[in-house]
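Trainee: Please read through the structure below; I'll follow up with questions.
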Amino acid sequence: MKATTTTTTSAPAHNSMPPPSAPSAGRSSRIAPHSHIKGLGLTPEGLAITDSAGFIGQTNAREACGVIVDLIKSRKFSGRALLLVGAPGTGKTALALAISQELGVKVPFCPMVGSEVYSVEVKKTEVLAEVFRRAIGLRIKETKEVYEGEVTELTPTEAENPLSGYGKTVAHVVVGLKTVKGTKQLRLDPTIYEAILKEKIVVGDVIYVEANTGAVKRVGRSDAYASSYDLESETYVPLPKGDVHKRKELVQDVTLGDLDAANARPQGGQDIMSVMGSLVKTGRTEVTDKLRREVNKVVKGYVDQGVAEVVPGVVFIDEVHVLDIESFTYLNSLLESSMAPTVILATNRGNALVRNTTDIIAPHGIPRDLLDRCMIVKTDGYGREQISKVAQLRANVEGLKLGPGVVERLATEGEKSSLRYALQLLTPASILAQLAGRNQIEMEDIGEMNELFLDAKTSASMIEAGGFADGL
Ligand SMILES: Nc1ncnc2c1ncn2[C@@H]1O[C@H](COP(=O)(O)OP(=O)(O)OP(=O)(O)O)[C@@H](O)[C@H]1O
Ligand SMILES: [Mg+2]
């Protein structure tokens with residue numbers, strides 16, 4: 001990359017998206033135990049199909065959530081929140097995820113756990129505000145003049161570097177592009193070469209270059225190079241039709257959270273994120289309420305012009321009872337704001353003291369004024385049959401084989417403690433099976449698990465019975 005540093009343009013590379021917001025990394029791990037859930041599994045009339053989309057039973061709650069999805073889709077749910085209540089491990093988190101799946105893939109889903117507001121560096125209200133901003137999507141449509149095609153040639157032309165005695169610099173880069181209709185050779189600026197390197201573009205990729213800005217985007221790998229693997233991360237796209245030089249409608253999904261962050265750390269450049277990142281003329285700063293208001297103003301302008309469309313997403317706050325009175329008050333005001341996402345809360349508490357108060361005991365530990373805005377859906381406990389079905393489903397998803405009687409045994413364990421406990425036995429039991437040189441979980445593995453570990457109820461009853469003599 002040395003070659004490019006001495007050219008006249010010192011602007012940062014194109015296409016530099018803001019760094020992914022930190023919680024997104026946590027997201028996948030939080031969703032992994034629910035990977036079998038594909039939606040609410042309802043008929044078009046909104047009735048729950050007993051076992052469908054990975055959901056077993058829980059029909060009432062699923063149908064109720066279906067109604068909520070309809071309300072959200074017809075934009076009649078604003079200013080309200082959905083509260084999921086029920087015992088631990090009864091599928092509240094799974095339901096929230098299923099609702100977001102029903103709303104569509106491009107709808108932002110931002111899960112968090114109540115305790116995330118307690119951080120040393122960031123104010124509680126700030127954590128909530130940020131999640132709410134990340135849950136508002138913006139779809140930006142523009143028609144742009146582009147050069148698009150499959151890369152047939154990629155040749156940087158080097159020249160002596162006039163400024164330093166060392167090395168050479170890229171004077172320009174020649175890119176050949178091919179479509180169904182024809183081919184074209186472009187001579188491009190060295191900054192674009194930098195972008196090409198950054199996007200890891202090689203011959204055989206389908207790309208487009210925006211004519212006005214020089215922003216480069218990789219669309220995928222050309223079909224012609226498709227290999228015969230069943231599974232791989234590459235996306236293959238057909239050879240583009242039409243001319244290489246044409247007008248193309250570009251759609252980009254960003255969130256208000258992205259725009260806030262980009263505007264707080266403007267970085268120059270000409271791709272859409274950088275342009276959107278200089279909506280507000282500020283220096284380097286924190287994301288403040290003032291900045292958010294200014295971003296809102298510009299976004300509103302774009303929406304009015306029809307350039308952008310707001311896609312409200314979902315904020316999911318699990319274990320909502322750990323929020324304190326200050327956070328709840330702020331949550332109320334966020335719900336009231338004009339650009340609010342859908343809010344789903346979940347808790348497994350009954351009556352509880354609202355945190356940071358001395359005397360407010362409220363249902364689910366949630367103050368009355370917020371409860372009044374909530375539609376409450378209760379999840380039911382599971383029976384033996386349902387637990388064994390979910391266990392079997394999880395075993396299939398995790399690729400584990402179960403020996404005779406194992407499912408029944410897991411169901412018994414689940415009945416004794418909870419569905420979650422039964423499911424959690426699966427992975428360690430599979431390790432025990434592996435250690436014993438088998439690829440199938442047998443009864444003895446579950447038995448050994450029970451010798452090594454306690455379930456919550458047994459543990460608690462042992463304490464009560466004085467089982468731990470050391471003063472616990
Ligand atoms: N009806 C169901 N069908 C299929 N899988 C389910 C069902 N209910 C729960 N599960 C699965 O069981 C596990 C525990 O459920 P989940 O985490 O949703 O419970 P929860 O109600 O959120 O519990 P907690 O109160 O402890 O947060 C998850 O892996 C979930 O996907
Ligand atoms: Mg949960």
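Read the figures in this text as sums done on the coordinates, not as results from a lab. The model shown is predicted, which means the values in this text are computed figures rather than measured ones. Cβ atoms come from the backbone with ideal geometry, glycine included; neighbour counts cover every protein chain shown.
Trainee: At what distance in nm do the modelled label points of residue 352 and residue 189 sit from each other, each positioned 7 Å from its Cα along Cα→Cβ?
Mentor: 5.6 nm
Trainee: Right, something else. Would you mind classifying segment 334-383 by shape? Square roots of the alpha carbon gyration tensor eigenvalues, ordered a ≥ b ≥ c; an a/c under 1.5 is rounded, otherwise it is prolate if a/b is larger than b/c and oblate if not. Could you put the intermediate results ahead of the total?
Mentor: On the way: a/c = 2.65, a/b = 1.11, b/c = 2.38.
Verdict is oblate for segment 334-383.
Trainee: Mean separation of Cα pairs under 8 Å and 6+ residues apart, divided by the residue count of segment 384-465: what relative contact order is that in percent?
Mentor: Working: 81 pairs, mean separation 25.4, N = 82.
With pairs under 8 Å counted, the relative contact order is 31 percent.
Trainee: Can you classify the chain as rounded, prolate or oblate using the Cα gyration tensor, where a ≥ b ≥ c are the square roots of its eigenvalues, rounded means a/c under 1.5, and otherwise it's prolate if a/b beats b/c and oblate if not? Before the final figure, lay out each step's value.
Mentor: Details: a/c = 2.14, a/b = 1.60, b/c = 1.34.
Prolate is the answer for the chain, as a/c is 1.5 or above and a/b outweighs b/c.
Trainee: What residues qualify as long-range amide H neighbours of residue 158, i.e. H under 5 Å apart, gap of 5 or more or another chain, H built at 1.01 Å from N?
Mentor: Placed amide hydrogens put 171 under 5 Å from residue 158.
Trainee: Shifting gears a bit: Defining a contact as two alpha carbons under 8 Å apart and six or more residues distant in sequence, what relative contact order in percent does the chain show? Don't skip to the end; give the middle numbers.
Mentor: On the way: 843 pairs, mean separation 93.1, N = 472.
After rounding, I find 20 percent.
Trainee: Here's a follow-up. Rounded to whole Hz and in sequence order, give me ³J(HN,Hα) for segment 307-319 from the Karplus expression 6.51 cos²θ - 1.76 cosθ + 1.60, θ = phi - 60°, writing x for Gly and Pro.
Mentor: Working through the residues one at a time gives 7, 10, 10, 7, 10, x, x, 10, 9, 10, 10, 7, 6 Hz.
Trainee: So, R0 is 51 Å and r is the distance between the beta-carbons of residue 462 and residue 235; what FRET efficiency does that work out to, to 0.05?
Mentor: Values: r = 54 Å, r/R0 = 1.06.
Working from the Cβ atoms, E equals 0.40.
Trainee: Assuming R0 = 35 Å, can you tell me the calculated FRET efficiency for the pair residue 51 and residue 122, based on Cβ-Cβ distance, to the nearest 0.05? Walk me through the intermediate numbers first.
Mentor: Details: r = 42 Å, r/R0 = 1.21.
FRET efficiency, residue 51 to residue 122: 0.25.
Trainee: When we measure straight from the Cα of residue 246, which lysines land under 30 angstrom away, once same-chain ones fewer than 8 places off are left out?
Mentor: 106, 141, 144, 178, 181, 184, 198, 200, 217, 300
Trainee: Residues with amide H under 5 Å of residue 203's amide H, sequence separation 5 or more or different chain, H placed in the peptide plane at 1.01 Å from N; which?
Mentor: none
Trainee: Would you mind working out the magnitude of the charge dipole of the chain relative to its Cα centre, with +1 at each Lys and Arg C-beta and -1 at each Asp and Glu C-beta, to the nearest 20 Debye?
Mentor: Details: 54 positive and 58 negative charges, 281 e Å.
With Lys and Arg at +1 and Asp and Glu at -1, about 1340 debye.
Trainee: Calculated FRET efficiency, residue 290 and residue 265, Cβ-Cβ r, R0 22 Å, to nearest 0.05?
Mentor: Values: r = 16 Å, r/R0 = 0.72.
Computed FRET efficiency for residue 290 and residue 265 comes out at 0.90.
Trainee: Can you bin segment 384-465 into rounded, prolate or oblate? Criterion: square roots of the alpha carbon gyration tensor eigenvalues sorted a ≥ b ≥ c, rounded for a/c under 1.5, prolate for a/b above b/c, oblate for the rest.
Mentor: Values: a/c = 2.30, a/b = 1.38, b/c = 1.67.
Oblate, since a/c reaches 1.5 and b/c is not below a/b.
Trainee: Given labels modelled 7 Å from the Cα in the Cβ direction, how far is it in nm from residue 416 to residue 438?
Mentor: Going from the residue 416 label point to the residue 438 one covers 1.8 nm.
Trainee: What list of ³J(HN,Hα) values in whole Hz, one per residue of segment 117-123 in order, does the Karplus curve 6.51 cos²θ - 1.76 cosθ + 1.60 (θ = phi - 60°) give from phi, with Gly and Pro shown as x?
Mentor: With the stated coefficients, segment 117-123 comes to 6, 8, 10, 6, 8, 10, 5 Hz.
Trainee: Still on this structure, I have one more. If I model a spin label as a point 7 Å beyond the Cα along the Cα-Cβ vector, how far apart are those points for residue 211 and residue 451 in nm?
Mentor: The answer from the label model is 7.6 nm.
Trainee: Still on this structure, please answer the following. Cut-off 17 Å, label point 7 angstrom out along Cα-to-Cβ of residue 408: give me the residues of segment 374-389 whose amide nitrogen falls inside.
Mentor: 384-389, by backbone N distance to the label point.
Trainee: Could you sort 388-398, 177-187 so that the peptide with the highest average Cβ count within 10 Å comes first and the rest follow in order?
Mentor: Numbers: 388-398: 19.2, 177-187: 15.2.
Result, highest mean Cβ count within 10 Å first: 388-398, 177-187.
Trainee: Quick one: plug the Kirkwood hydrodynamic radius of segment 129-214 (C-alpha pairs) into Stokes-Einstein at 37 °C, 0.692 mPa s, and report D in µm²/s. Please list the in-between numbers first.
Mentor: On the way: Rh = 15.2 Å.
In µm²/s, the coefficient is 215.
Trainee: Now for a different question. Sequence-distant or interchain residues sharing an amide H contact under 5 Å with residue 255, placed H: which?
Mentor: Sorted by chain and number, the residues that satisfy this are 138.
Trainee: Continuing with this model, one more query. Straight-line reach from residue 38: which aspartates and glutamates have Cα under 12 Å away, leaving out those fewer than 8 places along the same chain?
Mentor: Result set, ordered by chain and number: 51, 102.
Trainee: Right, something else. Rounded to the nearest 500 deg cm²/dmol, what is the calculated helix-only ellipticity per residue at 222 nm for the chain, with -39500 (n - 2.57) per DSSP H run of length n ≥ 4?
Mentor: Value at 222 nm, helices only, nearest 500: -10500 deg cm²/dmol.
Trainee: Another one. Once the Cα atoms of helix 59-73 and of the chain are each reduced to a long axis, what angle between those two axes, in degrees from 0 to 90 to the nearest 10, is obtained?
Mentor: Compared with the principal axis, the helix lies near 30 degrees.
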